[in-house]
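The values are calculated or read from the model by the stated rules, or taken from the named source; none is laboratory data. From a predicted model like this one, the values you see are computed outputs, not experimental measurements. Backbone-built Cβ (ideal geometry, glycine too); neighbour counts: all protein chains shown. Quick note on the areas: whole protein, heavy atoms, side chains included, nothing else; ligands and nucleic acids left out. Shrake-Rupley method; radii C 1.70, N 1.55, O 1.52, S 1.80 Å.
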Amino acid sequence: MTLVVDNSKPALRVRDLDFFYGTQQALHAVSADFRRGEVTAIMGPSGCGKSTLLRVLNRVYSLYPGQRAAGEVSLDGQNILDPAYDLNALRLKVGMVFQAPTPFVMSIFDNLALPLTHHEALTPSELRDRVEAALRRAALWEEVKDKLKHSALSLSGGQQQRLCIARAIAIEPEVLLLDEPTSALDPIATTRIEELIDELRADFTVVMVTHNLHQAARVSQRTVFMYRGEVVEQGPTDRIFTAPDNPRTHDYVTGRFG
Amino acid sequence: MNTLYVRRQLVNALVMTASLAATAFGLGWLLWIMATTLIQGASALDLKLFTQMTPAPGERGGLLNAFYGSFVMTLIALVIGTPLGVLAGTFLAEFQRKTRMGAVIRFTNDILLSAPSIVIGLFVYELVVRQVGHFSGWAGGLALAIILLPVVVRTTDEMLQLVPGGMREAALSLGLPKWKVSVKVLQRAASTGILTGVLLGLARISGETAPLLFTALNNQYWSATPNGPMANVPVVIFQYAMSPYDDWHAYAWAGAFVMAMFVLLLAVLSRAVLGRAKKHRP
Ligand SMILES: Nc1ncnc2c1ncn2[C@@H]1O[C@H](COP(=O)(O)OP(=O)(O)OP(=O)(O)O)[C@@H](O)[C@H]1O
Ligand SMILES: [Mg+2]
């Protein structure tokens, strides 16, 4: 896949976003840009609203009647918060991988085949190729190629997480949201996933929540720093880590956050 | 310190003894029932029980037509009750989780769940038997289906609500429509729980007598189709046990023993299914 990477125009633009869990406001006038060809890390102390922001970007929150968002999130120039925006089309474009692995109770193959066959008309051999390609990209193929018919639950936690990443990228979204994708993984699996994210950057807009400063420094090009539901600072990761403008950001990246 | 320890030991021993006694009390009845039915029905418990028709007084025979009738009517109940119940339970769990309508449906379903089965028998009698003009296996199967339905609705609802929310969110995040998420992902994740519910419901309806008295009635002879009155184990047991003939009593006991064993097996099976499913959880 060749892509003309245009870094100047953000793929996903968030403007003045407020978010409410019932009456409790979790995001306050959040504005941020996520660019194609880049990994953007979202950082900040626990409870600052990182997951909440991700959950707005593919509107998975709308599963819950009490939750609501106001403001603007534009994807390819269209506001996805518009009630008329087709949710299934949105989620085909904006994939998400959750903190805890979420394998479906079916075979490894079917975990990928289910979304693939839903979105595309594929012949059996095309389907096999697509499943293999996605598993290869997620660095899982070698481990599962002989047991594609086995239950996905028989995989280890790290393998399950890579399966979920493979499932999310199989349908080729434009944006990939990752909520602490490595928090439950050992260092080896973490390294693999970090390498994977770095590769994915070429084709996707990647937004990743992480608590791990080193991880953010290693894999991201831009960083959004949040505090208590607000974006405090955002910019190139290098600068955020070496010369942050905001004292809070400075405290956080130097590990002095109380 | 030491006295506290002794006290705990003592309380522990007391509670253990009480729990054991309670368990023994409960299991005792079960054993007693199984033993009585086995001993009393021993003279009728042989292979002929499963190969011959219900006998006239003083003759030898079996309960084949009753077993077959029960089997057919239970099958009708399963075929009607399971899909309807799973669909309704899915509707409740996935589309009406916290709504007023969901609450009303759950309440209604719970009433149906605890409705006396004789009421359901009378209802089907009015609805089908009186309209058609005669008793039939269809009417019996329908009555059993109405008893099975709320059990399946409830377990499906509960089991789907137990599926971790993350799985639902992940499936929706792949752009799958809600119905597909429910059917392909969530029902599959809850399938063993739902199956357990169906098995328990099956155990419940296989012993029902009252609704069949008003719907399928009974039949001394073989009837291959459910188009007319149909023999069934519970009603045969009732009729034979009430009769003045000793040999009929033996058949009633034997029928009761087979039923009890069947229900026991179903219960054990559903436990086993659930136990195996738990082991496979991540
Ligand atoms: N389902 C919910 N209902 C009500 N409030 C919620 C809900 N989920 C999160 N919140 C609140 O919203 C705020 C932001 O939560 P969020 O999960 O986005 O934090 P986070 O930055 O992802 O934290 P962490 O790093 O611990 O994952 C918190 O104050 C939290 O209490
Ligand atoms: Mg979070």
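Rounded to the nearest 20 debye, the dipole size of the stretch B:64-233 about its Cα centre is 520 debye, using +1 on the Cβ of Lys and Arg and -1 on the Cβ of Asp and Glu.
The C-alpha atoms of chain A define a longest principal axis, and helix A:187-200 lies at about 90 degrees to it. Solvent-accessible area assigned to carbon and sulfur over the stretch B:64-233 amounts to 72 percent, based on a 1.4 Å probe.
Each principal axis of the Cα cloud of the stretch A:99-237 was evaluated for its coordinate range; sorted largest first, these ranges are 49, 30, 24 Å. Other protein chain C-beta atoms within 10 Å of residue C-beta, averaged over A:118-124: 1. The simple spin-label model puts a point 7 Å past each Cα toward its Cβ; for A:R68 and B:D46 those points are separated by 7.8 nm. Note on exposure: A:R222, B:R168, B:R97, A:R228 ranked by accessible area (1.4 Å probe, complete protein assembly) read A:R228, B:R97, A:R222, B:R168, with the most exposed listed first.
One chain, two ends: B:Y5 and B:V183. Fully extended at 0.36 nm per residue, the span grows by 58.6 nm beyond their Cα-Cα distance.
Note on chain B: GNM, Cα springs under 10 Å; of B:A103, B:A189, B:A216, the largest mean-square fluctuation is that of B:A103. In Å², rounded to the nearest 100, what is the total accessible surface buried by chains A and B against each other with a 1.4 Å probe? Roughly 2000 Å² of accessible surface disappears when A and B pair. For chain A, the longest principal axis of the C-alpha atoms and the axis of helix A:108-119 are separated by about 70°. The modelled label-to-label distance for the pair B:A267/B:T23, using points 7 Å beyond Cα in the direction of Cβ, is 1.5 nm. For the stretch B:64-233, build the charge dipole from Cβ charges (+1 Lys, Arg; -1 Asp, Glu) around the Cα centre, then report which of B:T215, B:G102, B:G165 sits farthest towards its positive end. The listed residue farthest towards the positive side: B:G165.
Inside 10 Å of the C-beta atoms of A:55-68, what's the mean count of C-beta atoms belonging to other chains?
Numbers: counts 2, 0, 0, 4, 2, 5, 1, 1, 8, 4, 3, 1, 0, 0.
Shielding by partners across A:55-68 averages 2.
When every Cα-Cα distance of the protein assembly as shown is counted in 20 angstrom steps from zero, the calculated P(r) takes the values 18, 37, 27, 16, 2, 0 percent. Between the helical axis of A:157-170 and the longest alpha-carbon principal axis of chain A there is an angle of about 90 degrees. Could you tell me the distance between the Cα centroids of the stretch A:8-84 and the stretch A:211-258, to the nearest Å? The distance from the Cα centre of the stretch A:8-84 to that of the stretch A:211-258 comes to 19 Å.
Relative contact order for chain B: what is it in percent, counting Cα pairs under 8 Å that are at least 6 residues apart?
On the way: 376 pairs, mean separation 75.7, N = 282.
Result for chain B is 27 percent.
Could you calculate the FRET efficiency of B:Y221 with A:D86 from 1/(1 + (r/R0)^6), where r is the beta carbon distance between them and R0 is 51 Å, rounded to 0.05? Calculated transfer efficiency: 0.25.
Each 10 Å bin from zero holds the following percent of Cα-Cα pairs in chain A: 7, 30, 36, 21, 5, 0. Taking 56 Å as R0, compute the FRET efficiency from the Cβ-Cβ separation of A:D18 and B:L112 and round it to 0.05. In this case the efficiency is close to 0.80.
Could you check what % of the DSSP bridge pairs in chain A are antiparallel, to the nearest 5?
Details: 25 of 42 bridges.
Percentage antiparallel, nearest 5: 60.
If I stretch the segment between B:M16 and B:L30 completely, what's the gain in nm (0.36 nm per residue apart, minus their alpha carbon distance), one decimal?
Stretched fully, the B:M16-B:L30 segment lengthens by 2.9 nm.
Using 0.36 nm per residue and subtracting the Cα-Cα separation, the extra length available between A:D76 and A:Q221 on full extension is 50.1 nm.
Can you tell me the FRET efficiency between B:V79 and B:M242 if r is taken as the Cβ-Cβ distance and R0 is 30 Å, rounded to the nearest 0.05? Intermediate values should be presented prior to the final figure.
Details: r = 32 Å, r/R0 = 1.06.
The pair B:V79/B:M242 has a calculated efficiency of 0.40.
Length, then width, then depth: along the principal axes, the Cα atoms of the stretch B:64-233 run 59, 31, 23 Å.
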